[in-house]
Amino acid sequence: MRASLIQIAVDPDEPVDARRARAADLVRAERDADLVVLPELWPMGAFAFDSFAAESEPLDGPTHEAMSAAARDAGVWLHAGSIVEAAGGALYNTSLVYDPAGVRVRTYRKIHRFGFDKGEAVLMAAGDELVTVPLPDLTLGVATCYDLRFPELFRGLVDAGAQALVIPAGWPARRRAHWTLLAQARAVENQAYVLACGTAGTHAGVEQAGHSIVVDPWGEVLAEAGPDEEVLRAELDPAKVATTREQFPALKDRMLGLPAPGA
Ligand SMILES: O=C(O)CCC(=O)C(=O)O
């Protein structure tokens, strides 16, 4: 199974419409892939808080139109990264997933909002549902950026059948070491593929880490991007999830329901 991660550059000198058209063309160019992934909030950038409201859109808005057409034209499964979704008077950081016919099959609202008492954490509402996507050969579990820091979310996805964890992000360069370390940790502890797709460029004064990464269920790095715009490609072997879990059955040794420490 061929996966392509489009580490698109998000810079303020490129209008959102132009980047949307360019992202769609980048997806179309990956017609040899089975699965294509875009990063978090690539239309305006994950730190462009001042643009969130103005660039928000309904689920069937311009990014959906462009991504649905691109998935269909390329004939690929597409995790189209995330948009600022406007719904019911609130904003959500919502990922969109398409099948090869261009049908949107899943959405995922980011559960852990980043910023503590600023930015996304105050501007957006939180999602509250885990989302998996059964592909013909592999079940995806989806999460977004800051979610990467919360291992219990990924355990929940694995318990729901996830074999590959797809994490679009807009991760800052200054914490790149955490990004790489956590991506490998999530792969090792869950014995699952990790496909973590970040952005390149600098927006709202925040230099992006890039360094998108694909890790196999044993923790081996299959491919890693540099800091600039790049399409990262890797070959996944769906059978490797089962063999890793059979040959080193650590997931079966979980001790659930331990009592709380005594007072
Ligand atoms: O956790 C981090 O260091 C980065 C998270 C982030 O940038 C985000 O979720 O948008």
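The values are calculated or read from the model by the stated rules, or taken from the named source; none is laboratory data. Owing to the predicted nature of the structure, the values given are computational and were not obtained by experimental measurement. Neighbour counts run over all protein chains shown; Cβ positions are idealised from the backbone, glycine included. The accessibility values were calculated without ligands, DNA or RNA, using every heavy atom of the protein model including side chains. Shrake-Rupley method; radii C 1.70, N 1.55, O 1.52, S 1.80 Å.
Which one of these is surrounded by fewer than 16 Cβ atoms within 10 Å (Cβ to Cβ), farther than 27 Å from Leu236 by Cα, touching a strand residue (DSSP E or B) at 6+ places or on another chain (Cβ under 8 Å) and not polar (S, T, N, Q): Pro43, Pro58? Reasoning before the result, please.
Values: Pro43 fails: surrounded by fewer than 16 Cβ atoms within 10 Å (Cβ to Cβ).
The conditions single out Pro58.
Quick one: in segment 93-106, which of the residues that are open to solvent by 40 Å² or more (accessible area, probe 1.4 Å) and out of contact with any helix residue (DSSP H, G or I) (no Cβ under 8 Å at 6 or more places or on another chain) is nearest to Phe52 (Cα to Cα)? Quick ask: steps written out before the conclusion?
Quick first cut of segment 93-106, residues open to solvent by 40 Å² or more (accessible area, probe 1.4 Å) only: 100-101, 103-106.
Filter once more, so that each one left must be out of contact with any helix residue (DSSP H, G or I) (no Cβ under 8 Å at 6 or more places or on another chain): 105-106.
Details: Val105: 24, Arg106: 22 Å.
The extreme case among them is Arg106.
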task: Starting from residues that are buried (at least 17 other Cβ atoms within 10 Å of the Cβ) and in contact (Cβ under 8 Å) with a residue 60 or more places away in the chain, keep the ones in segment 234-263 and report whichever is nearest to Pro172 (Cα to Cα).
output: Ala234
query: Of all helices (runs of 4 or more DSSP H) completely enclosed by segment 21-123, which ones contain at least 2 residues that are within 16 Å of the ligand (Cβ to nearest atom)?
result: 52-55, 120-123
- prompt: What number of residues within segment 181-218 satisfy the criterion of being in a helix (DSSP H, G or I), within 14 Å of the ligand (Cβ to nearest atom) and over 15 Å from Thr144 (Cα atoms)?
  reply: 2
- prompt: Considering only residues of segment 128-144 that are outside any strand (DSSP E or B) and open to solvent by 10 Å² or more (accessible area, probe 1.4 Å), which is farthest from Ala192 (Cα to Cα)?
  reply: Asp128
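Here are Ala80, Ala53: which of them is under 18 Å from Ala18 (Cβ atoms), out of contact with any Pro (no Cβ under 6 Å at 6 or more places or on another chain), hydrophobic (A, V, I, L, M, F, W, C) and at pLDDT 95 or above? Walk me through it before giving the result.
Numbers: Ala53 fails: under 18 Å from Ala18 (Cβ atoms).
Only one candidate qualifies: Ala80.
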- prompt: Do you know which of the residues in segment 149-168 that are within 16 Å of the ligand (Cβ to nearest atom) and surrounded by fewer than 24 Cβ atoms within 10 Å (Cβ to Cβ) is farthest from the chain's Cα centre (by Cα)?
  reply: Glu152
